[in-house]
Every structure is written in structure tokens, then in C-alpha cells.
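FYI, it's all coordinate maths here, none of it is from the lab. The model shown is predicted, which means the values in this text are computed figures rather than measured ones. Heads up, the Cβs are rebuilt from the backbone with ideal geometry, glycines too, and the neighbour counts pull from every protein chain shown.
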Amino acid sequence: MNNVIQVDQIVKTYSSGTSEVHALRGIDLDVAPGEFLAIMGTSGSGKSTLMNILGCLDTPTEGAYLLDGVRVDGLDKNALAAIRNQKIGFVFQGFNLLPRTSAIENVELPMLYDRSGRKRDTHALAAAALARVGLGDRLDHQPSELSGGQQQRVAIARALVTEPALILADEPTGNLDTHTSMEVMALFQELNEQGITIVLVTHEPDIAVYAKRIVEVRDGRIRRDEPVKNRRSATEDLRLEEKEVA
């Protein structure tokens, strides 16, 4: 079985006038199906550049990138857009939901942009994705009628609905309080247990401990790549919190 992500000696250099900025300096990274990976790094470390390349939002200057067995590093913008739509589900810090649009219509969006020609009942699939994240009774609610945690669940349902090879989550708890962050991480852990591959970018160590593996980027290189020691269960942490409140 192919790795979901196979990155070989990825380099990214930006030209700024007469100077060059070396954002990534030879990254090797393999992510197998069913992994739950946290990418960490301070501002300027290269983690955002790596995230953009993994998400096919940017292309490397050098090196090879295979996404679910498909070589993507040399593709043009249209081909990258098609790959993004079919292979990747995105979850962002700011939710990125259309404001005057219902939850179910927000979740249907990626299927409306699908150029693969697949004929699908988008309404039924969107409803099933919302039920999967615990929002089966909120299909017609607009984002303004939902809490921050519920909005992020809608975003996760939207990421899931195309059955992507990979969910890419960029600081998904950055706009949420501690309790709601744990609820979102409990959902990610549950989805991962169902076999979904998740790559999460975070600067918060207390969020990274819910992943199975941590990759730390510093100065454009991977400085640490190891399994999470003392991995935590977000569901268990929520239970403990409820006991303390009681």
C-alpha cells in the first residue's frame, strides 16, 4: 500500500529582490495510511510552507512529492486544484464557512467543485457527514447560529465528505477555548481510529499530545520525528474535566 504522503528532499526557496529565503532545506517525510501526525514549529520555522506544499497550495523548488501515490510536485495550478479536491480535506483555524449558508450547503461545496465527473447525491452525503460529526440535527443552521466548536465540526464534515486520502488541519483549535479544543481533538481521534489519515499543524504542545507522532520543523529542516510519548485521550480528558466540575 502506498504512503499517503511521500516527500523526498523537498526544498523551497523564495526570491525577495536580490536575496533568497530558504524556507525548506531538504525535507524527507513519509506518512502511512491511518497515521495521526502533528507538525510543530515556531513562526518562521518552515512549518507553514511545508503545510502549503503538502496541501498542494504551493509547489516545491526542488524535490519530489507523492500524494496517495500520485506525483504532484510538477503539476500546474488546474491539476493541483483537482488533486486538492479529490485527495485532501482541509480544516482551518478560522473555519472558512460561508456565513449566510446553511451547514449542509457548506458541506456540499467541495462536491460541487468536483471535476471528476462522479455523479453523487450531494445532499445525502453532506447530511451523513454532518451526522458523523454529531450535527445531524443542525443541517439547516447557519454559522451565526452555531457555536465555535459546532462551526469547526461543520468544517470537519466538509473535509470528510469527499472521502479524501488525507485530512490536513491547520491550527484547528486556534480560535477555540480549552474545553471546545478537547472536544474537537476527541472527534479527530475518533475519526483516526476509523482509519482516516490526519496531519495537524499546531504550535500548542498540549494539542500535539493527542496525535500519534510529532514532527518538529526548525530552520527549514525536520529536527525531531518521533512517536508521542504518554499520548492522551481527549475523550478521557473531557471525562476528567466533567468530574472536577461536578
task = Report, in deg cm²/dmol and to the nearest 500, the calculated mean residue ellipticity at 222 nm for the chain, where each DSSP H run with n ≥ 4 adds -39500 (n - 2.57) and the sum is divided by the residue count.
result = -10500 deg cm²/dmol
key: Which labelled figure in (i) 18.9; (ii) 14.5; (iii) 12.9 is mean projected area of the Cα convex hull in nm², once derived from the coordinates   = (ii)
message = Once the convex hull of the alpha carbons of the stretch 118-179 is built, what does its volume come to per residue, in cubic angstrom?
response = 99
query = What residue among 165, 127, 79 has the largest mean-square fluctuation in a Gaussian network model of the chain, using Cα springs under 10 Å?
reply = 79
query = Among all the lysines, which ones have a C-alpha under 30 Å from residue 12's C-alpha, if same-chain residues fewer than 8 places away are not counted?
reply = 47, 77, 87, 212
query = Nearest-5 percent of antiparallel DSSP beta bridges in the chain?
reply = 60
remark   = Rounded to one decimal in nm, the spacing of the 7 Å Cα→Cβ label points at residue 96 and residue 115 is 1.8
task = Please identify, among 67, 166, 80, the residue showing maximal mean-square fluctuation in a Gaussian network model of the chain using a 10 angstrom Cα cutoff.
result = 80
